[in-house]
Amino acid sequence: MNSIKLGDYNRLAVVKEVDFGLYLDGGDEGEILLPKRYVPEGAKPGDELDVFIYLDQDERPVATTEHPLCKVGDFACLEVAWVNEYGAFLKWGLMKDLFCPFREQKMRMSIGNSYIVHVHIDEDSYRVMASAKVERYFSEEPPAYRVGQEVDLLVWQKTEMGFKVIIDNKYPGLVYDDQVFRPLRTGNRVKGYISCVRPDGKIDVSLQRNGRRQTLDFAGVLLKYLRENGGRCDLGDKSDAEDIKLRFQVSKKVFKKAVGDLYRKRIIKITDSGIELA
């Protein structure tokens, strides 16, 4: 073993047991302490443990079996725990908070507010740090997505056109307002579907599947709703698009296509007051 991955998960062998925990083989870093409070029951020298490595208050590598909210290389939405004259300290699920210096903030961070940041190792200090200047950390590889491909999204910020998102922890993307049929806020993690990869590499994303697959998916949702609500729904073809969006988080177009599908299969009846199971 050569070196550990700081700010990440490592599989390390237990070297020895002491009163206050276990020492693990950290390769070039020497022995790394796993404090007693994190030691799994029955762990002993010779065992291998999956641990997260970060720096303690004295800047020494230390191990934990806890799972932080993010690791080095991740984008995440984190809340500010406290602020001092050097910067902000973010809650990331470990005893020692994650530092974001003032130079890495777009605006002064405030206690209790949450911000989208990128987690990285600072080249000068070898510390795990956060930066709110996330644009610097997007992948420069050309995106190789196909239209309709499912992706993981982190909602980044609201714009006049819709919501900026971070796709698969790598690329920036945009969900247009007319594709949003449910409440979204910065920090939400949702599934999305690639709508378009432009020649300049910019990516448009939808929160619903495109075309036929989307209709089939929603037809299943509508059928489940009917079965759970006495076989009736008071919305139909002539209902207001906003009412449909509020109830089902889909466009009126998708709703009407799904209703048409179920009607043609004779699963539902269309009535003056809406739809009901046949």
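With loop defined by DSSP as not H, G, I, E or B, and exposure as at most 14 other Cβ atoms within 10 Å, which is the longest segment of the chain clear of exposed chymotrypsin sites (Phe, Trp or Tyr not before Pro)?
127-278
Could you check how much of the accessible area of the chain is carbon and sulfur, as a whole percent, using a 1.4 Å probe? Could the numbers behind the result be given before it?
Working: 7520 of 15680 Å².
Ligands and nucleic acids excluded, carbon and sulfur reach 48 percent.
Whats the longest run of the chain with zero GluC sites (Glu not before Pro) that are DSSP loop and have at most 15 other Cβ atoms within 10 Å?
No qualifying site falls inside 161-278, the longest such stretch.
Return one number: the angle in degrees, 0 to 90 and rounded to the nearest 10, between the long axis of the Cα atoms of helix 211-228 and the longest principal axis of the Cα atoms of the chain.
Result, in degrees: 80.
Rounded to two decimals, what ratio of Rg to Rh does the range 198-278 give with C-alpha atoms and a Kirkwood Rh?
Radius of gyration relative to Kirkwood radius: 1.07.
Residue by residue through the range 7-19, what is 3J(HN,Hα) from phi via Karplus (6.51 cos²θ - 1.76 cosθ + 1.60, θ = phi - 60°)? Round to whole Hz and write x for glycine and proline.
Ordered by residue, 3J(HN,Hα) equals x, 8, 8, 9, 9, 10, 7, 6, 8, 7, 10, 10, 4 Hz.
Any idea how many Lys pairs in the range 117-236 come in under 23 angstrom at the alpha carbon, given 8 or more places apart or on separate chains?
Total qualifying Lys-Lys pairs in the range 117-236 comes to 13.
Using only Cα atoms, locate the centre of the range 1-52 and the centre of the range 233-278, then give the distance between them in Å, rounded to an integer.
Going from one Cα centre to the other spans 58 Å.
In nm, to one decimal, how far is the Ile270 label point from the Glu228 one, both placed 7 Å along Cα→Cβ?
2.6 nm
Keeping all protein chains in place, calculate the accessible area per residue for the chain (probe 1.4 angstrom), answer in Å².
56 Å²
Within 13 Å, Cβ to Cβ, of Phe102, how many net charges do the neighbouring residues add up to if Lys/Arg are +1 and Asp/Glu are -1? List each step's numbers first, then the result.
On the way: positive: Arg103, Lys106, Arg108, Lys133; negative: Glu85, Glu104.
Net of charged neighbours comes to +2.
Quick one: angle between helix 252-264 and the longest Cα principal axis of the chain, in degrees between 0 and 90, rounded to 10, please.
Roughly 60 degrees between the two axes.
Show the residues, 5+ positions off or on another chain, whose built amide H is closer than 5 Å to the amide H of Gly21.
Lys36
So for the chain, Kirkwood radius off the Cα pairs, Stokes-Einstein at 20 °C and 1.002 mPa s: how many µm² s⁻¹?
Numbers: Rh = 22.3 Å.
Translational diffusion coefficient: 96 µm²/s.
Which cross-chain or sequence-distant (5 or more) residues have an amide H under 5 Å from the amide H of Leu90, H modelled 1.01 Å from N in plane?
Ala81, Leu98, Phe99, Cys100
The values are calculated or read from the model by the stated rules, or taken from the named source; none is laboratory data. It should be emphasised that the depicted structure is a prediction, and the values quoted were computed from it without experimental measurement. Positions of Cβ are generated from backbone atoms using ideal geometry, with glycine treated the same way; all protein chains shown enter the neighbour counts. Each accessible area value is taken on the protein alone, full model and side chains, heavy atoms only, with ligands, DNA and RNA left out. Shrake-Rupley method; radii C 1.70, N 1.55, O 1.52, S 1.80 Å.
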